[in-house]
Amino acid sequence: MTCWAIIPIKGKGQGKSRLAGALSEGEREALVDAMLAHVVDAARQARLIERVLLVGPSRHGLDETIPLLADAGKGLNAALRKALAQVASDGPERLLVVAGDLPCVTALDLDLLASVPAETVGIAPDRHGTGTNALSLPLPQAARFTFHFGTDSRARHWNEAEKLGLTVETIHSAGLEKDIDERADLSDAAQVFSPVR
Ligand SMILES: Nc1nc2c(ncn2[C@@H]2O[C@H](COP(=O)(O)OP(=O)(O)OP(=O)(O)O)[C@@H](O)[C@H]2O)c(=O)[nH]1
Ligand SMILES: O=C(O)[C@H](O)COP(=O)(O)O
């Protein structure tokens, strides 16, 4: 089975705007870069992932060996839809979509996500159980998957998979559920980032 991973990331200075009350602009940028580097490392170490690509306007300082798929600036769901279409034609049998703000994710978590059975979509929810932090899409069956990141995305991604006639599995892991959105989440980022005060 060939499996690729794409990691969406906003442009420099755009990310983690909800943390504006907790961190300075420079700190937010450093947090975004550190979390992205962590997720890329985990994906590169995962045994089952063959290629790792970014989707977004910038590499955030990562070296040019990581491919960067374009983002037309029409939001996360539109950017992922376009990236999926590009990747699907290249022939991997599974595509993982992994948020760039998962400072606790491990290679083992990503291998688990990559290991869902054929014709099955894997959904890794966030800590609240309502959002989506990662998806595992079988190809070509999910080549036309419509992304619904935003409010209640877990339930909406579930419905989307069923609409395509696919089975759904929920992937629970401590590393995948801990995205960093709010001040209360910041302690989970301590292993990759600490603000200089
Ligand atoms: N390429 C791309 N990535 C995005 C876009 N919107 C969100 N992302 C990425 O998707 C992942 C999850 O997004 P969020 O949890 O909302 O993170 P965020 O957008 O940095 O945080 P806020 O600004 O506080 O909403 C992060 O890796 C973001 O960088 C977008 O429009 N384009
Ligand atoms: O739960 C979600 O769908 C993700 O956290 C992304 O949504 P957001 O971009 O609104 O955070």
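Overview of results
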item	result
Footprinting exposure proxy for Asp111, Asp126, Asp63 (fewest neighbouring C-beta atoms within 10 Å first)	Asp63, Asp111, Asp126
Amide H contacts of Phe149 (H built 1.01 Å from N, under 5 Å, at least 5 apart or other chain)	none
Folded to 0 to 90 degrees: helix 76-88 orientation relative to the chain principal axis, Cα	50 degrees
Euclidean distance between Cα centres, the stretch 10-87 to the stretch 158-187, Å	17 Å
Pair His128, Ser187: separation of 7 Å Cα→Cβ label points (nm)	1.9 nm
Pair-distance profile P(r), taking every C-alpha pair of the stretch 3-189, with 5 angstrom steps and integer %	1, 9, 18, 22, 23, 16, 7, 3, 1, 0
Sorted by Cβ neighbour density within 10 Å, fewest at the top, the residues Thr132, Thr65	Thr65, Thr132
Packing-based exposure ordering (other Cβ within 10 Å, fewest first) of His172, His148, His60	His172, His148, His60
Set of lysines with alpha-carbon distance to Lys74 below 19 Å, sequence-local pairs under 8 removed	Lys10, Lys12, Lys16, Lys82
Distance between modelled label sites at Ala70 and Ala22, nm, 7 Å Cα→Cβ extension	3.6 nm
Net lengthening on full extension, Asp90/Ala78 (0.36 nm per residue, minus Cα-Cα)	2.4 nm
Helix-derived mean residue ellipticity, 222 nm - over the chain, DSSP H n ≥ 4, -39500 (n - 2.57), to 500	-9000 deg cm²/dmol
Max mean-square fluctuation residue, GNM over the chain, Cα-Cα springs under 10 Å, options Arg144, Arg28, Arg183	Arg183
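Values in this text are rule-based calculations from the coordinates and carry no lab data. For clarity, every value in this text was computed on a predicted model and none was experimentally measured. Every residue, glycine among them, receives a Cβ derived from its backbone with ideal geometry; neighbour counts consider all protein chains shown.
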